[in-house]
1. Taking residue 295, is it in a loop (DSSP other than H, G, I, E, B) and touching a residue at least 24 places away in the same chain (Cβ under 8 Å)?
2. Tell me, which residue of segment 251-287 that is aliphatic (A, V, I, L, M) and more than 6 Å from the ligand (Cβ to nearest atom) is nearest to residue 309 (Cα to Cα)?
3. Quick one: which residue in 100, 87 is small (Gly, Ala, Ser) and in contact (Cβ under 8 Å) with a residue 24 or more places away in the chain?
4. Only one of 316, 327 is surrounded by fewer than 23 Cβ atoms within 10 Å (Cβ to Cβ), among the aromatic types (Phe, Trp, Tyr), part of a helix (DSSP H, G or I) and within 12 Å of the ligand (Cβ to nearest atom); which?
5. Output yes when any residue across segment 337-346 is away from the ligand (no atom under 12 Å from the Cβ), among the small types (Gly, Ala, Ser) and under 18 Å from residue 241 (Cβ atoms), and no when none is.
6. Output the residue which, of all residues in segment 21-41 that are in contact (Cβ under 8 Å) with a residue 60 or more places away in the chain and in a loop (DSSP other than H, G, I, E, B), is surrounded by the most Cβ atoms within 10 Å (Cβ to Cβ).
7. Just for segment 288-313: of the residues that are among the aliphatic types (A, V, I, L, M) and away from the ligand (no atom under 15 Å from the Cβ), which one is nearest to residue 240 (Cα to Cα)?
Amino acid sequence: TGHFTYDQGFVATASCKSAITYIDGDEGVLLYRGYPIEQLAKHSNFLEVAHLLINGELPTADEFKAFEHEVTHHTMMHESLKTFMQGFHYDAHPMAMLCGVIGSLAAFYHDKLDIDDPEHRRLAAIRLIAKMPTIAAAAYRYSIGWPIRFPRNNLDYCHRFLHMMFEVPSEPLDLPPVAAKALDLLFILHADHEQNASTSTVRLVGSTGANPYACIAAGIAALWGPAHGGANEAVLTMLQEIGDAKNVAQAVERAKDKDSGFRLMGFGHRVYKNFDPRATIIREMCHKVLNELGVSDPLLDIAMELEQVALKDEYFVQRKLYPNVDFYSGIIYKALGIPTSMFTVMFAIARTAGWVAHWLEQSADPTVKIGRPRQVYTGPVSRDYVSIDKR
Ligand code: CMC
């Protein structure tokens, strides 16, 4: 293979240096800027975590106020974006809309954007964090034929999002207190995860000097697949298909059969080979939220049975396959009234904090090179052209 190594799927290649997130996959450790995910989940909030990821430090009270004010100031969507959205077919997947609309922001902010200027870069990051929930909620409302709601900027980040999703003019939105709290926690847990496929994509596109909105649109595209962020949607579809706890054993058998093409969605991780610390927090949260909402979801029983059966099974034990962050998150989203097609969009809102943090880190580093992997060529050796009448 010449002067490079073949590393299919980058299982053993570090593509960059980063000071943002640390994972120890054997020990089940996840740190954002040194802070354990368990502590952040318990005490912090999503915007504070976004500040931490972007700036490297938890904000002081004044810094937090300023950061929240700035994010709030940028939540509005350009009026012409609504026209842009109307070009989508009514049943477009919200991830397709999110990817397209975020990419189109490159056309809205290009003339004022100088990516060599740190202040311009910071502003692009703030805009993305601020506008993502507005655009996400707009995509949802468009899909059900409802008019888009203005962001209510007297509310905090998560309440504002829930209002944009579900509010109707005539009735006050009666949200149970646990709803915004649960959402905030899910956003914290999904905010960053070092060089996952979508973040690596953002960095790869960013390494060419591309527009930041285009970089994040590329990240959204990478997140969409069921092996990555699309898993939360796929888990729910899978649980619905299993339909009953008594069918669980059969589903587990099918997942072990390589010819079936079926995998247990929400199981396994490239880096975690012991447990996913986010899954532990989410499992607990799932019970709490359902309890507080007074919701009993038969899918939770199926999920718990599936986890128990798989964790005792030789196949899963040997391969160190455990429930990951996406295994229980969908059940919580469903309890909050968020439709299945929006689950990966929810992931994208949260991961935007990580994507922009990585893009900022990379863009500030003058030593960064364009991402350009090599390949192992397997095609024909050199041969001569044959004219069409002789083939
Ligand atoms: N069900 C059944 N078998 C599995 C599963 C699964 N979910 N995951 C991995 N395996 C098997 C796989 O067939 C392979 O077996 P063998 O060694 O006999 O060939 C072995 O376990 C190792 O799997 P791999 O595909 O080489 O592992 P990877 O690191 O390339 O893939 C993964 C990691 C997360 C893509 C994979 O585990 C998977 O497809 N899981 C289901 C989708 C999922 O839940 N994705 C969300 C990941 S976490 C959040 C996120 O990133 O968005």
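The values are calculated or read from the model by the stated rules, or taken from the named source; none is laboratory data. All figures in this text were calculated on a predicted structure; none of them were measured in a lab. Reconstructed Cβ throughout: ideal geometry from the backbone, glycine too, with neighbour counts over all protein chains shown.
1. Yes; evaluated as a whole, the condition is true for this residue.
2. That would be 252.
3. Result: 100 is the single residue among 100, 87 that is small (Gly, Ala, Ser) and in contact (Cβ under 8 Å) with a residue 24 or more places away in the chain.
4. On the way: 327 fails: surrounded by fewer than 23 Cβ atoms within 10 Å (Cβ to Cβ).
Criteria check complete, one pass: 316.
5. yes
6. 28
7. Ranking the qualifying residues of segment 288-313, first place goes to 299.
For every residue, the table says whether it meets (1) in a helix (DSSP H, G or I); (2) closer than 27 Å to residue 45 by Cβ.
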{"position": "174", "(1), (2)": "no, yes"}
{"position": "186", "(1), (2)": "yes, yes"}
{"position": "192", "(1), (2)": "no, yes"}
{"position": "226", "(1), (2)": "no, no"}
{"position": "251", "(1), (2)": "yes, no"}
{"position": "274", "(1), (2)": "no, no"}
